[in-house]
Amino acid sequence: MSTDKKIKRPRGKAALNHGKCIACGARCESSCPVSCIEMNPAGEPTVLAEKCIGCQKCVKVCPAGALEMTFTPEELAILAELDKQGAVTADELDDEARELQQRLAAYRGVWVFVEQTEGEAAKVSWELMGKGRELADSLGVRLTAVVMGEGVEHLCHESFGYGADQAYLLDAPVFRFYRTEAYLKGLCHLIDLHKPEIILMGATGLGRDLAGAVATVVGTGLTADCTGLDVDDKRNLMQTRPAFGGNIMATIMCDRFRPQMATVRPHVMHMPEFAQRSGEIIRISCPVQEDEILTKVLEIIQDNKGDDHVDIAGVEFIVSGGRGMMNKENFAILHELADELGGTVGASRSAVDSGWMPHERQVGQTGKTVRPKIYIACGISGAIQHLVGMQDSDLIIAINRDKDAPIFQVAHYGIVGDLFEVVPAITARLRELRMRGGVADGNVIKQAIGA
Ligand SMILES: Cc1cc2nc3c(=O)[nH]c(=O)nc-3n(C[C@H](O)[C@H](O)[C@H](O)COP(=O)(O)OP(=O)(O)OC[C@H]3O[C@@H](n4cnc5c(N)ncnc54)[C@H](O)[C@@H]3O)c2cc1C
């Protein structure tokens, strides 16, 4: 086939895929711009082929795949040739696709929302800055920190150190304490002004609240609790997260709306190195007045959870127990081992549900995501919902009497045996090594387990 002359891409005709129609209520009929669909008494569409212009609208609205595009053998040959040449050019895209492309192209740049309390940034914001840097480099755009608060200019400089090229600074008394209405107005105003293609936020209480509100107001998609982020060659953000109770990992894309918004839990992404770098601070005049905000902060009451409260998400050594611990009292041997390491005790959901450990110690999909230097799983089978919360730990040691337990698939070292014998033996060996001057690290624990 000659390529000298421009070949027009055949549009085909819509046709019924017999047996698939669910008689959903004739959305296909109303979607047709040339009225070429008629409904039969059974509620199934009949496409008048001579009138069909191949716009595909009916095919796109059908929820059951009951309408499909069909092509004559000649048209199929042309399509095959065009595909071989990769010959889809802009003017061959239909009007809708072109309009969509233009709409999406107005949005450029990657933003990271810098969450702060009393001027101190949440670490997850810097973890996201590291991931944001990678995404911005892949897309060839600037990485922007969004800093909101009162007296928070120092966070812009900190953002540059973690990789941001520039920072939008919304600094005003109305942003002193987080209130959804004020931050929502501020962030939506910024989005309206500068149109980013991607916004990342921490999946913290604040981040979840704000991200959901912003996505609703600007009319875009939001993927919560992502565990992986990447971009495809069409600038779509590929947002991976556990789905269906954690049994599969789904990659979600928001390919028709911008900005693409994602939240990520603390400790899921790597903390980038801090380096002295500079960037541009762009001050944005405050778009919110105090009297527009209905919520007033009267008093800040510190959350006092007592001396034994630990945020396991930030701990370097974790010894976790599961259903294999048999009862609450048996956790004492894990506390001994954790003390020896200078760490703390975590738990699987089964152990928490049994009342052996408090929920704040739960590791996994509905607990905390942890990334310690050493994670020792004792009597934990390794269900996917547990693994998503700890599989990025630097060193994983699993103790289980079932040699086929899935936990061994993510463990760097696995000990098949009875935890009630193995754990005290490791503790005793560590104690011995410590007496000889060893410090709790990967090497000493490897020595203790004989690796
Ligand atoms: C929506 C959803 C969210 C969830 N979120 C979480 C979550 O955040 N975190 C979480 O952990 N789970 C979560 N789960 C539950 C998860 O599916 C598993 O049920 C749970 O992780 C199992 O806990 P376990 O490994 O302690 O218990 P089990 O699966 O019962 O495993 C016990 C293990 O102990 C071993 N064992 C028993 N005795 C000994 C011994 N003496 N010595 C050595 N080994 C021994 C056994 O061989 C077994 O492998 C969630 C589930 C759902 C549906």
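No lab work stands behind these numbers, since they all come straight from the coordinates. Source: prediction; values computed, not measured. A quick note on method: Cβ atoms are made from the backbone with ideal geometry, for glycine too, and the neighbour counts reach across all protein chains shown.
3J(HN,Hα) along segment 316-333: 7, 10, 10, 10, 10, x, x, 4, x, 6, 6, 7, 4, 4, 5, 5, 4, 5 Hz, from the Karplus curve 6.51 cos²θ - 1.76 cosθ + 1.60 with θ = phi - 60°, whole Hz, x for Gly and Pro.
Which of the three applies to segment 13-92, rounded, prolate or oblate, going by the alpha-carbon gyration tensor with a ≥ b ≥ c and a/c under 1.5 meaning rounded? Taking the square roots of the gyration eigenvalues as a ≥ b ≥ c, segment 13-92 is prolate.
Amide H to amide H, with H built 1.01 Å from N, LEU395 comes under 5 Å of ILE374, TYR375, counting only residues 5 or more places away or on other chains. For the chain, what's the relative contact order in percent, using C-alpha pairs closer than 8 Å and at least 6 residues apart? It comes to 10 percent, rounded to a whole number.
From the square roots a ≥ b ≥ c of the eigenvalues of the alpha-carbon gyration tensor of segment 312-448, which class results: rounded (a/c under 1.5), prolate (a/b over b/c), or oblate? Because its axes are fairly even, with a/c under 1.5, segment 312-448 counts as rounded. Extent along the principal axes, Cα only, for the chain: 88, 57, 48 Å, with the longest axis given first. If I histogram all Cα-Cα distances within segment 394-451 using bins 10 Å wide from 0, what percent of pairs lands in each bin? The percentages, shortest bin first, are 24, 50, 23, 3. Each peptide in 386-398, 227-239 was scored by the mean count of other Cβ atoms within 10 Å over its residues; highest first, the order is 386-398, 227-239.
Which of the peptides 126-136, 144-154 is most tightly packed, and how do the rest follow, judged by the mean count of other Cβ atoms within 10 Å per residue?
Averaged packing, sorted descending, gives the order 126-136, 144-154.
Given contacts defined as C-alpha pairs under 8 Å and at least six residues apart, what's the relative contact order of segment 312-448, whole-number percent?
After rounding, I find 22 percent.
Less than 5 angstrom separates the built amide H of SER320 from those of GLY346, ILE376, ALA377, CYS378, all sequence-distant by 5 or more or on a different chain.
As a length-normalised measure over Cα pairs under 8 Å and 6 or more apart, the relative contact order of segment 320-382 settles at 43 percent.
Given LYS84/LYS131; LYS123/LYS195; LYS185/LYS368; LYS57/LYS195, which pairs have Cα atoms separated by over 32 Å? Among LYS84/LYS131; LYS123/LYS195; LYS185/LYS368; LYS57/LYS195, the Cα-Cα distance tops 32 Å for LYS84/LYS131.
By how many degrees, between 0 and 90 and to the nearest 10, does the Cα long axis of helix 180-194 differ from the longest principal axis of the chain? The helix 180-194 is inclined about 50 degrees to the chain. Backbone amide hydrogens, once placed in the peptide plane, bring TRP111 within less than 5 Å of THR144, ILE198, ILE199, LEU200, excluding anything fewer than 5 places away on its chain.
Pairs spanning more than 31 Å between alpha-carbon atoms, out of LYS8/LYS60; LYS51/LYS234; LYS328/LYS373: LYS51/LYS234. Sorting the segments 61-72, 199-210 by their residues' average number of neighbouring beta-carbon atoms within 10 angstrom, most packed first, yields 199-210, 61-72.
Applying the criteria of a DSSP loop state and at most 14 other Cβ atoms within 10 Å to the GluC sites (Glu not before Pro) of segment 22-63 yields GLU50.
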